[in-house]
Each structure stands twice: as structure tokens, then as C-alpha cells.
Amino acid sequence: MTSTAPSPAPPARFAGLDGMRAIAVLLVVVYHLFPPAVLPGGFVGVDVFFVISGFLITSLLLREQLSTGRVALGRFWQRRARRLLPALAVVVVVCSALAWIVGGDVLVDLDDQVLGAATFSYNWVSVAGGGGYFAAATPELFRNFWSLAVEEQFYVLWPLIFPLFLLLPRPWARTAAAFVLATASAAWMGVVVSGGGDVTRAYFGTDTHAFGLLLGVGLAFLLAPLARLQWAESRVARDVTGAAGVLALVGLVALAMLPQSSSILTFPGALLAASLLSAVAIVAGVWPGSWFGRAIDIRPMRWIGDRSYGIYLWHWPLLVLAVAAFAPDATVATAPAWIGLGVLAATAAASALSFRFVETPVRRHGFRASVRLLATRLRGGPGARLRAVGVALSGALVLAGAGTAIAVSPDETSAEAAVAAGRAALEKALREAPAPIAPTPSATDAATAPADIPGDQISAVGDSVMLASAGGLVERLPGIDVDAEVSRSMWAGPEIVDDLDATGRLRPYVVVALGTNGAVDPSTLEQLADTVGPKRNLVLVNAYAPRDWIPGVNAELAAFAEDHRNVIVADWSGAIAPHEDLLAGDRIHPGAAGGRIFADTVAAAVDELADERRADAADRADRLAEILSADLTP
């Protein structure tokens, strides 16, 4: 039996939401700071935030509508601005200034990133610029702001659409409408991923990733009338919902521990599952008389939950800066644990300071009143005045550093610049002096060729490292035929070499540099050697990169060369290791000087192999002469 009393306004503060915020931010922070083994799917914490935001904002709008009969849009947006903008501005300014100090690739596209943050469009700016959430080599400094942009767009648009939902006569109809839209958004993400495979577009897009927010919206409409139900506060209801909340949290953690894929199983599969589990946990937390909400709102969790916004803002840019400054051989995906621990401590300190001295004053007093408070301190005693002046001067210096960083931010990473320069050098060489097509050599020709093999006797197949070194190759070995592209791995080698052979372009010496982008299988090397054949010579260039598979790749190449007479390894790894300063910021791609070292390494290996083949030919000739001499001796 239900009461006929009107629905009371939702409470101003919901039990369990601070705990849920804490869980959400912890999943994301652990995923970023301690990859990849701890929580490989911890990015689902973002979807927990989305459900909380949709539920909370809709509940606040319902409360205002029930209390006043209308929604004051200006005041609503003002409250959102007070809540979001101060901390966001501080993070952008401070981290931009730090990026200027660190320098290098952390400055790439900083101007566009700041523009995206300032206009609440970071997700779309990043998609348009080709940025990817799961790319680790040269991450954007403020990449994590994509989710804030999605939420901020929701804060702008949803209050305008909210009155249309109120036109629906029943809460269940409003809930159903929200859930239908959520289903459509999730389905659209699946279509984008399965159709074009564009995971970044699907993950960053507001349209494709709105289902968590919409589930929260539907949840708010669904729960609003529950306070009228007498059985809602029964012990059985509390126990059942509490148990469901515990199971939902266990499910969330389990989901975060599972490795994710780039298919619809994750996008939207895992994300939608995380959103549904979050909805169950929210219901359990805000249920009348809930013990679950009080349990997850214990003091440490509330402390984290109150500061979760700042923690989320600070942790990623601090991680990017720390890796660039203190662990340049690593990436954010391979950062050592001590980097993660240091960033965690810095994030806790920065978010606590921001919460106390920036976010709380502005939220309580507003922007203008906070400025007046600072002015009052300037008119205070000498000590207060000195502190205020110090803060003002420090702020001015930080602003100047941030402005300089934005002004000098490049449009491409040093690795991209190196690859582009290599491609341009290669295209210029092809225009000015096209390489002649060499005839297929005989075994004797290859074996007895003189030392200092010219470039017109060499075919080179490689990945972006070879492409970045193309300028050095065409300078050191004029006439060399270079076939190099970005993101190739060794498995592509046999087919490429076979095509060169079929078109008559395969030369006596074949240089292959395809070890950077993944492990090497011995069977692939055998296919490559079979394609090259016994009449030619194979030079395998080993790899140098901050990737965990590189030692295995180099060991496989060395072992293969040891077992094959016409194969040698060009030791690029050993040659460039003492000269890391000649590599781009990713510690993989060589600049102009590094490209010359690459070319010298290749040339030396080709000449060494030629010398070995000449020596083998001379030995065979001597043995043949001895045999003939013995046969002719009476």
C-alpha cells in the first residue's frame, strides 16, 4: 500500500555518493599510475562518474522544480561554474607552466588542448586532432579532460531538455525515455566500433558515450517517488538493496581487473556493464535508511570523494610531466612504480590544497566575493599582506609561464617531425636520382662483390625508425631503395620482400628493420630468408625502444643470424644506446644525426657481410684449387 502524500524533494546530500566518487576516482587513478597489471580495465571508473553525475544533476533539478515550481537556469549554471572552473583553471595554468619548464613533447598541441578545456569541447578537439585515449607514446598533457567536456556539455544541455521530460505524465515514462536514449547511445557506440573500428571516436564522443549519464537521469526519475512507498524503509528492503550494492561493487572491481579489448565486448560492453553496476550501487546507497550508503561513506572515502574532482584533474598531467622529466626512457604505460607513487602523493597534496584554498572559497562565496576576500587580506596586517603579495606574485609568474608554454607549443611531436623529415628526404632523393632497377644477382656476383657496397645494390624495408633515418640512408648510400612505413612489424616483411622480388626491385643486399613494433617469430624470419634466397644477403637491423618486447626481438634476430650463413645483424641498438640525446622525445625515432648513425650501422653491416661472403668464396676457391691440384698430381 502506498501513501497519497506528494513526493518530497530529493535530499540535498545523498548517502553513498561520496563513497562512489572515491571508488570511481581510485579505479581511474590506479589504472593510470600503476599499469598494466593492477587494474587493466580501471578506465571504467569514468563511467561510474557519468552515472553519478546524471543522477545527481537530475535529482537537483527535480528538487528545485518541486520546491519553486521552476528551474533557474542562470543560477544552476553559475553553481556549476563555481564548482568546476576554479580547480580546472588552476590545473591548466600550473601544469602548463610546468610543461614549459620540462619542455619537449609535453608541449605538443597545448594551445588546442587549453582551447578545448576552455570551451568544454576537449573531447571533440582531441578527436579532430587525431588524439587517442589509449595511445601511450606521446600522450596529451590534458587528455583526461575529455570526460569533463562530456559532462560539461551535459550540464549545459540537460537543463534545457529537462522541462520536456516533465511533460511526460508519469515518472515511469520519464525513466523509460531516459533508458531508451541510453540504450540508443550504447548501440551507437557499438556501431561506430564495429563499423569503422574507431575506438577513440566511440569513446570520446558525447553521442556515443552518453549512456552512463542517461542511466543516471533515468535513475533519478525512478527513485524520486520511492520515498512515498511504506515498504521502502522496511528491514527487508534495506537488506536486499544493501546486498545488491555490495555485489555491484564487487562486480565493478572485477570488471576493472579484466583486460579489455578494442571490440564491442568493451565498447560498449564493459562500459555499459560498469554503468549498470554503478546504478545498482547508487540505488543501494541512497535507499531510505540504507546501511550500504553509510558503509561506503566512511571518513577516508568521504575525504577522497570530496576531492575526487581535483584528484581526477591533477593525476594525469602530473603523470605525463613526471615521466617526461624523471623517466624519459619510459612511457605513461610503462612508468616505474616509484613514478606512480610519487605522482599519487603529489596528486593528493595538490587536490587537498586546491579543495581548501580554491574550490571551497569560490563555491561558498562566489568569484567576486573571493576576490574581495583577497583584497581584504592585502589591506590587513604586514604578515597577511606579505602572504597575499607572495601569492599574487607567484600566480603572476605561473600565469606567465603558462602563457609562454601555450605560445610556443608545437603542432607535432619530435618523433612525428623526425619521421616527416625522413619521408621528405626520401621523396627528394627519389625525385632527383631515381634508383635503377638492379638485375637479380647470381650467387657468385653476391659472394664476390667488393667491399663498400654501393647503395644501388641495397634494398631496404623498414618501419618508422627506418623512415626517420631515410635522410641518413640516402646520404650515406646513394641509390638505396627504401620501402619504409609507420607501424609495420616483422610479420609484414616476407610479403613486402616477395613483392619487391616479383617486380624485379629486389637487390643483392636486403636490409630489414621491422623489430620495433612487436615480437618477432622465428617462422617469420625463416619465410623472410626463403624469400631473399641463397643468392642474396640479408641484413636484420635490431631494435631500440622503451618497450618490453625489444630484448626478446634482439635475441631472436641474433640467434637467427648465427644459424644462417648469408644473414647478419646490424646493431642499431648498440650504436644508438650511447647517443640517446639524438633520438626524439619518444626515445625511439632518430633525428638527423641519429639517422646518420643508423645509416652508418647499416652500411657497416652490409660491408661486413660482403667481406664474409668474399672470404667464403676465397676459401672455396682455394679448396677447389687444392682438389684440382691433387687430381693433376701424378
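The values are calculated or read from the model by the stated rules, or taken from the named source; none is laboratory data. Since the model is a prediction, treat every value here as computed from it, not as a measurement. Here Cβ is always computed from backbone atoms with ideal geometry, including for glycine, and neighbour counts include all displayed protein chains. When the accessible area is computed, the model is the full protein with side chains, heavy atoms only, and any ligands, DNA or RNA have been set aside. Shrake-Rupley method; radii C 1.70, N 1.55, O 1.52, S 1.80 Å.
For region 51-120, treating each Cα as an identical point scatterer without solvent, what Debye log10 I(q)/I(0) comes out at q = 0.18, 0.23 1/Å?
-0.79, -1.01
Which is farthest toward the positive dipole end of region 74-181 among 93, 171, 144, measuring Cα position about the Cα centre, with Cβ charges +1 (Lys, Arg) and -1 (Asp, Glu)?
It is 171.
Report D for region 296-354 in µm² per second (integer): Stokes-Einstein, Kirkwood Rh on Cα pairs, 25 °C, 0.890 mPa s.
203 µm²/s
Choose one of 60, 84, 45: the residue whose Cα lies farthest towards the positive end of the charge dipole of region 24-104 (beta-carbon charges +1 Lys, Arg; -1 Asp, Glu; about the Cα centre).
Farthest towards the positive pole: 60.
May I ask you to rank 354, 573 by accessible area, largest first, using a 1.4 Å probe over the protein chains only?
Numbers: 354 5, 573 30 Å².
Reading off the accessible areas and sorting them downward yields 573, 354.
Relative to the longest principal axis of the chain, what angle (0 to 90°, nearest 10) does the C-alpha long axis of helix 550-562 take?
The answer is roughly 20 degrees.
Probe radius 1.4 Å, ligands and nucleic acids left out: which of 304, 101 has the largest accessible area, and how do the rest follow?
From most accessible down to least: 101, 304.
Taking amide H atoms as placed 1.01 Å from N in the peptide plane, list the residues 5 or more away in sequence, or in a different chain, whose amide H sits under 5 Å from that of residue 461.
483, 511, 512, 513
Compute the angle between helix 382-408 and the longest alpha-carbon principal axis of the chain, please, reported from 0 to 90 degrees and rounded to the nearest 10.
Roughly 40 degrees between the two axes.
In whole angstrom, how long is each semi-axis of the equivalent ellipsoid of region 149-298, when you take the square root of 5 times every eigenvalue of its Cα gyration tensor and sort them from largest down?
Semi-axes (√(5λ), whole Å): 29, 22, 12.
Region 470-599: D in µm²/s via Stokes-Einstein (Kirkwood Rh, Cα pairs, 10 °C, 1.306 mPa s)?
Details: Rh = 15.1 Å.
Calculated translational D: 105 µm²/s.
State, in angstrom, two size descriptors of region 187-268 derived from its alpha carbons: Rg to one decimal place and Dmax to the nearest whole number.
Rg and Dmax of region 187-268, Cα atoms, are 17.4, 51 Å.
Ignoring any ligand, DNA or RNA, what whole percent of the accessible area of region 500-559 comes from carbon and sulfur when the probe is 1.4 angstrom?
54 percent
Among 529-539, 585-595, what's the highest-first ranking by average C-beta atoms within 10 angstrom per residue?
Numbers: 529-539: 20.6, 585-595: 22.2.
My ranking of the peptides, most packed first, is 585-595, 529-539.
For helix 17-33, report the angle its Cα long axis makes with the longest principal axis of the Cα atoms of the chain; keep it between 0 and 90° and round to the nearest 10°.
10 degrees
Once the cut-off is 15 Å, how many percent of the Cα-Cα pairs in region 289-329 end up in the long-distance tail?
The proportion of pairs with Cα distances above 15 Å equals 59 percent.
Under a plain spin-label model, where a point goes 7 Å from the Cα along Cα-to-Cβ, how far apart in nm are residue 65 and residue 519?
Label at residue 65, label at residue 519, 5.6 nm between them.
How far apart, in nanometres, would the label points at residue 530 and residue 83 be if each is projected 7 angstrom from Cα along the Cα-to-Cβ direction?
Placing both labels 7 Å beyond Cα along the Cβ direction yields 6.4 nm.
Taking the chain, how much of its Cα-Cα pair set, in percent, is spaced more than 31 angstrom apart?
61 percent
Would you mind working out the magnitude of the charge dipole of the chain relative to its Cα centre, with +1 at each Lys and Arg C-beta and -1 at each Asp and Glu C-beta, to the nearest 20 Debye? Write out the running numbers ahead of the final one.
Working: 46 positive and 56 negative charges, 1228 e Å.
Roughly 5900 debye, rounded to the nearest 20.
Ranked from the most accessible area to the least, with a 1.4 Å probe and all protein chains present, what is the order of 100, 572, 338?
Largest accessible area first, the residues go 338, 100, 572.
Using a 1.4 angstrom probe on heavy atoms only, work out the carbon and sulfur share of the accessible area of region 198-244 in %.
60 percent
Whole-Å semi-axes of region 21-165's equivalent ellipsoid, largest first, each the root of 5 times a Cα gyration tensor eigenvalue?
Equivalent ellipsoid semi-axes, largest first: 31, 19, 13 Å.
On the accessible surface of region 136-195, probed at 1.4 Å, how many percent belong to carbon and sulfur atoms? Before the final figure, lay out each step's value.
Numbers: 1960 of 2570 Å².
Carbon plus sulfur share of accessible area: 77 percent.
If you stretched the chain out fully between residue 411 and residue 234, how much longer would it get, using 0.36 nm times the residue separation minus the C-alpha to C-alpha distance?
Numbers: separation 177, 0.36 × 177 = 63.72 nm, distance 6.11 nm.
Gain on stretching residue 411 to residue 234: 57.6 nm.
Just round it to a whole percent: the fraction of Cα-Cα distances in region 276-388 exceeding 20 Å.
Cα-Cα pairs in region 276-388 separated by more than 20 Å: 63 percent.
I'd like to check one number: the per residue accessible area of the chain, probe 1.4 Å, reported in Å² as a whole number.
With all protein chains present, the chain gives 45 Å² per residue.
As a test question: what accessible area, to the nearest 10 Å², does residue 80 have when a 1.4 Å probe is rolled over all protein chains in place?
Here the residue's solvent-accessible area equals roughly 50 Å².
Putting +1 on Lys and Arg Cβ atoms and -1 on Asp and Glu Cβ atoms, find which of 529, 502, 154 reaches farthest to the positive end of the dipole of the chain.
154
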